[in-house]
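Asks: The following block contains the structure, expressed as structure tokens.
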Amino acid sequence: MTFAETPLDRVRAYWDARPCNIRHSPLPIGTREYFDEVEARKYRVEPHIPRFAEFERWRGKRVLEIGAGIGTDAINFARAGAEVTAVDISERSLEIAEQRAEVYGVSDRIHFIHSDAENLTEEAPGYDLIYSFGVIHHTPHPERVVRNAAYFARPGTEFRFMVYNRRSWKVAGIVYTAAFQMPT
């Protein structure tokens, strides 16, 4: 079976079993200390994300995040004053992201949707930013996600997508970190 033949249910089950970045802290999941530590580690390992996202730039704007995971970037868009729609295929990830929004007092700025991005249809178009960091390549048909994302755009919408390549600096960094550094 090729990856393109992988059923979305298998992708969903994978991410429900291991939400991205969930092990970035040994503290109890759901506490502010846990979320602070997860965020600190994520942006220490990937310091380019805040520059790429430009969270403050989207104050008062509508942001659609495809593949929100446990909500680190979605929370930062909301803390900066954006109205965020956070979509993820993993119900478990969204449960944690919703806890996080409550902890940071931004749940009124984020609408969470449990859906795969290949078939997302629940939201109205008109986003100022459609954002996805390190997610689209994990779905069997990334071209469907991109095509579908265009539906949610309006004139002037900015798309910010980042995908990994198996021969990238990002993957080299992950391999190096796993091989030569002690886990925290």
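Asks: Does the stretch 117-173 hold any residues that are among the polar types (S, T, N, Q), under 20 Å from Leu8 (Cβ atoms) and at pLDDT below 85, and which are they?
Replies: Of the residues in the stretch 117-173, the ones among the polar types (S, T, N, Q) are 119, 121, 132, 139, 148, 157, 165, 168.
With the extra rule that they be under 20 Å from Leu8 (Cβ atoms), the set shrinks to 119, 121, 132, 139, 148.
Thr121, Thr139 - these are the residues of the stretch 117-173 that are among the polar types (S, T, N, Q), under 20 Å from Leu8 (Cβ atoms) and at pLDDT below 85.
Asks: Still on this structure, please answer the following. Filter the stretch 1-50 down to the residues that are charged (D, E, K, R) and touching a helix residue (DSSP H, G or I) at 6+ places or on another chain (Cβ under 7 Å), then identify the one that is most open to solvent (accessible area, probe 1.4 Å).
Replies: Step one: of the stretch 1-50, the residues charged (D, E, K, R) are 5, 9-10, 12, 16, 18, 23, 32-33, 36-37, 39, 41-42, 44, 46.
From what is left, the residues that are touching a helix residue (DSSP H, G or I) at 6+ places or on another chain (Cβ under 7 Å) are 16, 32, 39, 42.
On the way: Asp16: 52, Arg32: 108, Glu39: 33, Lys42: 27 Å².
The residue in question is Arg32.
Asks: Name the single residue that is farthest from the chain's Cα centre (by Cα) among those in the stretch 51-76 being surrounded by 13 or more Cβ atoms within 10 Å (Cβ to Cβ) and part of a loop (DSSP other than H, G, I, E, B).
Replies: Once the filter is applied, the top-ranked residue is Lys61.
Asks: Go through (1) at pLDDT 95 or above; (2) assigned to a loop (DSSP other than H, G, I, E, B); (3) in contact with a helix residue (DSSP H, G or I) (Cβ under 7 Å, 6 or more places away or on another chain) and name the single condition Ala97 misses.
Replies: Just one mismatch for Ala97, condition (2).
Asks: Only one residue in Arg92, Arg79, Arg62, Arg12 is touching a residue at least 24 places away in the same chain (Cβ under 8 Å), basic (Lys, Arg) and under 19 Å from Val163 (Cα atoms), so which one is that?
Replies: Arg12
Asks: While we're on this one: Looking at Val103, Val84, Val146, which is the one that is out of contact with any Pro (no Cβ under 9 Å at 6 or more places or on another chain) and either open to solvent by less than 10 Å² (accessible area, probe 1.4 Å) or assigned to a loop (DSSP other than H, G, I, E, B) (or both)?
Replies: Of the residues listed, the single one that is out of contact with any Pro (no Cβ under 9 Å at 6 or more places or on another chain) and either open to solvent by less than 10 Å² (accessible area, probe 1.4 Å) or assigned to a loop (DSSP other than H, G, I, E, B) (or both) is Val84.
Asks: Of all residues in the stretch 106-115, which are open to solvent by 20 Å² or more (accessible area, probe 1.4 Å) and touching a helix residue (DSSP H, G or I) at 6+ places or on another chain (Cβ under 8 Å)?
Replies: Ser107, Arg109, Phe112, His114
Asks: Mind listing whichever residues of the stretch 123-143 are free of Cβ contacts under 8 Å to residues at least 60 places away in the same chain, among the charged types (D, E, K, R) and not in a helix (DSSP H, G or I)?
Replies: Glu123
Asks: Another question about this same structure. Could you tell me how many of the residues in the stretch 10-24 are out of contact with any Ser or Thr (no Cβ under 8 Å at 6 or more places or on another chain) and assigned to a helix (DSSP H, G or I)?
Replies: 4
The values are calculated or read from the model by the stated rules, or taken from the named source; none is laboratory data. Worth saying up front: this structure is predicted, and the values here are computed from it rather than measured. Glycine also receives a Cβ, built like all others from the backbone with ideal geometry; neighbour counts cover every protein chain displayed. Remember, those area values only see protein heavy atoms, side chains included, never the ligands or the DNA or RNA. Shrake-Rupley method; radii C 1.70, N 1.55, O 1.52, S 1.80 Å.
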